[in-house]
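**Student:** Have a look at the structure that comes next, please.
The values are calculated or read from the model by the stated rules, or taken from the named source; none is laboratory data. Keep in mind that what you see is a predicted model, and the values were worked out from it rather than measured. So basically every Cβ, Gly included, is an ideal-geometry build from the backbone, and we count neighbours across all protein chains shown. Side chains are part of the model used for accessible areas, which takes the heavy atoms of the whole protein and leaves out ligands, DNA and RNA. Shrake-Rupley method; radii C 1.70, N 1.55, O 1.52, S 1.80 Å.
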Amino acid sequence: MTGLFITVEGPDGAGKSTLVSKLNKKLQDVLTVPFIATREPGGSDIAEKIREVIIDPENKEMDAKTEALLFAASRRQHIIETIQPALNRGEVVLCDRFVDSSIAYQGAGREIGVEEVATLNQFATENLTPDLTLYLDVDAQVGLNRIGHKNSNRKKDRLELEEVSFHNRVRDAYLILLDKNADRIQLIDATKSPNEVLEAAWTVLENELIKRNLIDTR
Ligand code: TYD
């Protein structure tokens, strides 16, 4: 038995969290099999502990390759403890970020190389690849404005604190990933209103669920 593995990706401020929580509700209503919603970095006890180290703004000394390794380590543990068991039970897994994030943020954002980061993640994931990825596309600066990049009162994680040039590289890398994986990654225009984004994402997701007979259409 193999379940369905769906991921949601996008630059900071694309509206992923809002979309994921709305998709959760819709999935719960229609699915004929159990499903879990999870996120990266994190998604299991050990992986959440690694998350704290990665995003802590105090960790200014962290080397870019250390960061990539920690994301991959956190991902490995998340797969072993959470994702793969659920897929083995035939469930639907909805995951907020996965390998594409590492390729975009560490490979391109940190400029340590998209190929290198892809190879590192092949080791960590043993090539576990999402069946479907919803990519929420928004201009990097627009995304940063939404999350109040320049607003000093808002608590930001270490990655969000990076300059706009970093976030531009992240977005450009996502667009290249989209181009190379057109059969897996579906582009959603994240400049639209939250409801329009939900509608567009749901249309894509629902098609996939119908195709796999995972939805109650009565
Ligand atoms: P996340 O919790 O998804 O934050 P947000 O909801 O604000 O997008 O991710 C935290 C940060 O970690 C975010 O800036 C993206 C970054 N990240 C990477 O750099 N590499 C990765 O592999 C992952 C999963 C996330």
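**Student:** Along segment 86-99, what does the Karplus equation 6.51 cos²θ - 1.76 cosθ + 1.60 (θ = phi - 60°) give for ³J(HN,Hα), rounded to whole Hz, x for Gly and Pro?
**Tutor:** Once θ is set to phi - 60°, the couplings for segment 86-99 become 5, 5, 5, 7, x, 8, 9, 10, 10, 10, 7, 6, 7, 3 Hz.
**Student:** Rounded to the nearest 5, what % of DSSP beta bridges with both residues in the chain are antiparallel?
**Tutor:** If I count the DSSP bridges inside the chain, around 5 percent turn out antiparallel.
**Student:** OK, next. Output the pairs from LYS26/LYS60; LYS65/LYS156; LYS22/LYS156 with a Cα-Cα distance over 31 Å in this structure; if there are none, say none. Please report the intermediate quantities before stating the final value.
**Tutor:** On the way: LYS26/LYS60 40 Å; LYS65/LYS156 21 Å; LYS22/LYS156 23 Å.
Long pairs (Cα-Cα over 31 Å): LYS26/LYS60.
**Student:** Along the charge dipole of segment 8-96, Cβ charges K/R +1 and D/E -1, which of GLY43, ILE83, LEU23 sits furthest on the positive end?
**Tutor:** The residue sitting most towards the positive pole is LEU23.
**Student:** Something else about it: Mind listing the long-range amide H neighbours of THR7? Cut-off is under 5 Å, sequence gap 5 or more, other chains count too, H placed in the peptide plane at 1.01 Å from N.
**Tutor:** Here CYS95, LEU132, THR133, LEU134 satisfy the definition.
**Student:** In whole Hz, what ³J(HN,Hα) sequence does segment 30-38 give by Karplus (6.51, -1.76, 1.60; θ = phi - 60°), x for Gly and Pro?
**Tutor:** These are the phi-based 3J(HN,Hα) values: 10, 6, 9, 10, x, 9, 10, 10, 9 Hz.
**Student:** Short version: ³J(HN,Hα) in whole Hz for each residue of segment 122-131, in order, from phi by Karplus 6.51 cos²θ - 1.76 cosθ + 1.60 (θ = phi - 60°), x for Gly and Pro, what are they?
**Tutor:** Whole-Hz 3J(HN,Hα) from phi for segment 122-131: 5, 5, 5, 9, 6, 6, 5, 10, x, 6.
**Student:** If you roll a 1.4 Å probe over the heavy atoms of the protein chains, what accessible area per residue do you get for the chain, in Å²?
**Tutor:** Here the per-residue accessible area is 50 Å².
**Student:** Run the accessible area of the chain with a 1.4 Å probe and give the carbon-and-sulfur part as a rounded percent.
**Tutor:** In the chain, the share of accessible area belonging to carbon and sulfur is 49 percent.
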